[in-house]
Amino acid sequence: MNKDYFPKEIAIYQAVIELFEEGADINSLTVSEITARAGIGKGTAYEYFSGKEEMIAKAFFYNGEMFCRQLYEGICQEKDLYGKINFVLLMIEQQVSRANCIFRLIHIMAGNTSLSGWIKELMQQRKLFGEMPAEDVIRKVLHDELKDRAMPSEEKMTYLVLSIYSKCFCYGMLLKEGKYMDAEKKGAMRELVNRGICREIEEILASS
């Protein structure tokens, strides 16, 4: 999560995310709309990107990387598992639109479009270089929780990563749909999700 970005790259990424948050249709979004929002010339954009699909795909990854960097910094300040998971869920609540950009990747990848092709290629590149921010954050939480216990099998670790990610994904979708706008109900659901994640982690790590 240490890649450096050029200012004009960041301007493009931020423009894409802003348009997405405002409800723009990603499929019909044009290069002109993106560059106009970014405040740079269309020709300049092509010095960094091959086209719209690359801009959008990399914008989602950039947003996810920045979000995960914030998560990582916050998690490091928490002293126990409950506090770390609670911090993650609170961040999802506070930045629903940014978190949903990560979740949106899953939906796009399920399709068979040029954009999904770009995203899948980027996924493969990042796996090759060990750069998977969301997965890295979850694995960091798990490794911290291990302490002096034996490392579980890779299958168990992978399962826990998938399980935690899916629960956070579902929580984000609930928030996006506005089903838990009431603070008390949202707090109760956050507590249930947190306790469920913590319990599953403890059960699997204890059995290793």
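Read-outs throughout are calculated quantities, based only on the coordinates presented, and are distinct from any laboratory measurement. It should be emphasised that the depicted structure is a prediction, and the values quoted were computed from it without experimental measurement. Virtual Cβ from ideal backbone geometry, glycine too; neighbours counted across all protein chains shown.
For a 30 Å ceiling on Cα separation, which of these pairs sit above it: LYS79/LYS186; LYS147/LYS179; LYS140/LYS186; LYS58/LYS167?
LYS147/LYS179
Once you wrap a convex hull around the alpha carbon atoms of the range 150-192, what is its projected area averaged over all directions, in nm²?
On the way: hull surface 14.4 nm².
So the Cα hull casts an average projection of 3.6 nm².
Roughly how many nanometres apart are two label points built 7 Å out from the Cα toward the Cβ at LYS42 and GLU154?
Result for the modelled spin labels: 4.8 nm.
Taking amide H positions as placed in the peptide plane 1.01 Å from N, state which residues far from TYR180 in sequence (5 or more) or on other chains have amide H under 5 Å from it.
Result for TYR180 returns nothing.
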